[in-house]
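Okay, structure first, notes after.
The values are calculated or read from the model by the stated rules, or taken from the named source; none is laboratory data. For clarity, every value in this text was computed on a predicted model and none was experimentally measured. We place every Cβ from the backbone using ideal geometry, glycine too, and count neighbours over all the protein chains shown. For the accessible areas, the whole protein counts, side chains as well, though only heavy atoms, and no ligand, DNA or RNA atoms are used. Shrake-Rupley method; radii C 1.70, N 1.55, O 1.52, S 1.80 Å.
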Amino acid sequence: MSQNAIAAARGAAATPENVPVDPSDQRRWWILLVISLSMLMGVLDGTIVNIALPSAQHDLGFSDADRQWVVTAYALAFGSLLLLGGRVADLVGQKVTFLVGLAGFAAASMVGGAANGFAMLVIARAVQGLFAALLAPSALSLLMTTFTDPRERAKAFTVAGSIAGAGGAVGLILGGVLTQYLDWRWTMYVNVVFAGVAFVGGATLLHRARRDTSSKLDVLGTVLVSTGLFCLVYGFSNAETHGWGSPATWGMLAAGVVLVAVFGWWQTRAAYPLLPLRVLLDRNRGASFAALFVSGAGMFGVFLFLTYYLQQSLGYSALKTGFAFLPMIVASSSASAVANNVLVRRIGPKPVVPLGMAIAAAGLVWMTTLDLNSGYVAQVLPQLVLVGIGLGAVIAPAMSLATSGVAAGDAGVASAAVNTVQQVGGSIGVALFSTMASDAATNYLSGRDAKDPGVLAQAGLEGYSTAYWWSAAVFVAGLVATVLLYRHGVPQQDENAAPVVHM
């Protein structure tokens, strides 16, 4: 559930089929603990796997061209199925989907930890994403129906959001500890512990809600958007091994564009659309979704390539790499609080989010100067902090405004779309940046001794630098889009609305 899903939470909470917990029932605070634990597991999984990825690659022997799929398989399955997961949670009940999601996520984690090859690991990651898409909307819907008092609900979301936010930092350290002192496989097995405790708590504490029989699944829409997104990501990934001129590359990209376009058309005709287009047509919301797509692409790219740079180019251990990323997490959290709670409320999103885009782009351009002799404090740390500040100034306001002003009936799907666009942006970003990095490394090795360790190390730097340049370019495009789309002035906020919690 990545650094990110309120699929159907607010919408589901408003339906009569849900059974709210009596405000006098003290179990609701234990339920909050169970839900928060599931959210922590989801966020933690995203960072913990990134830290362990170089060790997994060395152990299983897959190529640099393939490594992106360990990240992308999860993000693509989660992002493309999240809207469907929210609808399923409404139809069959949140308790059932919550428990099934936990059990499936744990089982897939076990398979991933026991992987004997690249294919087994990637399939396990995709299945993790599938069950995460079922778990995330259920967890947030349960949170909404458990806390019906507005003040208690705000407090509950603050607690859950804080725990989920801490998951990124915990994942960095825990991933380093498990990889360095046990084995990278334990970064997958640890999910079983979290899921097991949450499953027992959920089975014991949660009420079974009646199913919603008033709506149906948009099967055609699900097939169109899931297949279309897969084609887009696969097309970018295929370019790394077969080149941009390959018919398979352009064929998949073209098919993806067509399928996504047909999905958009179908959403105007479907009786129960997965994503009603009216959710996206407001200028501030449209700008926010664009910002989340861009930040997802940039964030995933930074974590992936900088992890490899720290471990392979500078020789950091997995644990040291985890600690190295912590200042970025702190900077991002601090910037998020200032941007969303102070700046946007005073001057609006139009100057704040584009400024965040510019800061992140500047940090990424600065990262292109990193070499084999760069020191952490003087060279790596300033860039990390700068990118963290930029991401924080973009993500928090965009997530808040992406669901602001949405009609009650569309609240759930709008919330689900928040994480969908970020996960899909991450999938496409990782695929695109990996292709560009691979091309740059290959071009550098052309005419040089590919067996020379120094040459190979420099080729790696060329690849990382190219990825940072492209990521910076994406943030510049996001800057332009948000400047053009965001309205001037301070937007009106719904004080009764629950905040979006990123999974």
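Computed quantities for the displayed model
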quantity: Selected residue (criterion: nearest to G42 (Cα to Cα)) from residues of region 191-206 that are of a type in the set (A, V, I, L, M) and either in contact with a Leu (Cβ under 8 Å, 6 or more places away or on another chain) or open to solvent by less than 40 Å² (accessible area, probe 1.4 Å) (or both); calculated: A195
quantity: Residue within region 198-214 that is more than 30 Å from S336 (Cα to Cα), at pLDDT 85 or above, not hydrophobic (A, V, I, L, M, F, W, C) and not in a helix (DSSP H, G or I) present; calculated: no
quantity: Enumeration of residues in region 308-331 that are surrounded by fewer than 24 Cβ atoms within 10 Å (Cβ to Cβ) and of a type outside the set (A, V, I, L, M); calculated: Y308, Q311, Q312, S313, G315, Y316, S317, K320, F323, P327
quantity: Inter-residue pairs, beta-carbon under 6 Å, first acidic (D, E) and in region 240-251, second open to solvent by 20 Å² or more (accessible area, probe 1.4 Å), 6+ apart; calculated: E240/A65; E240/S438
quantity: Helices (runs of 4 or more DSSP H) (entirely within region 53-158) containing at least 1 residues that are under 22 Å from Y308 (Cβ atoms), open to solvent by 30 Å² or more (accessible area, probe 1.4 Å) and of a type outside the set (A, V, I, L, M, F, W, C); calculated: 64-92
quantity: Residue within region 366-387 that is modelled with pLDDT of 90 or more, within 15 Å of P354 (Cα to Cα) and buried (at least 24 other Cβ atoms within 10 Å of the Cβ) present; calculated: yes
quantity: Conditions (1) in contact with a Leu (Cβ under 7 Å, 6 or more places away or on another chain); (2) on the phi > 0 side of the Ramachandran plot; number of the one not met by G348; calculated: (1)
quantity: Looking only at region 233-263, and only at residues there that are among the small types (G, A, S) and over 15 Å from T72 (Cβ atoms), the one that is surrounded by the fewest Cβ atoms within 10 Å (Cβ to Cβ); calculated: G245
quantity: Residues being in contact with a Gly (Cβ under 9 Å, 6 or more places away or on another chain) and over 27 Å from N419 (Cβ atoms) - total across region 36-67; calculated: 4
quantity: Residues of region 439-448 satisfying the condition of being open to solvent by 30 Å² or more (accessible area, probe 1.4 Å), in a helix (DSSP H, G or I) and either under 22 Å from A297 (Cβ atoms) or not hydrophobic (A, V, I, L, M, F, W, C) (or both); calculated: D439, T442, N443, Y444
quantity: Matching option when the condition is within 22 Å of the chain's Cα centre (by Cα), part of a loop (DSSP other than H, G, I, E, B) and farther than 18 Å from L381 by Cβ, among L292, L275, L304, L280; calculated: L275
quantity: Checklist (1) of a type outside the set (K, R); (2) surrounded by 14 or more Cβ atoms within 10 Å (Cβ to Cβ); (3) modelled with pLDDT of 90 or more applied to Q180, failing item; calculated: (3)
quantity: Matching residues, region 317-335, being within 19 Å of the chain's Cα centre (by Cα) and of a type in the set (A, V, I, L, M, F, W, C); calculated: F325, L326, M328, I329, V330, A331, A335
quantity: Counted residues, region 264-289 - those being surrounded by 14 or more Cβ atoms within 10 Å (Cβ to Cβ), hydrophobic (A, V, I, L, M, F, W, C) and under 24 Å from L401 (Cα atoms); calculated: 6
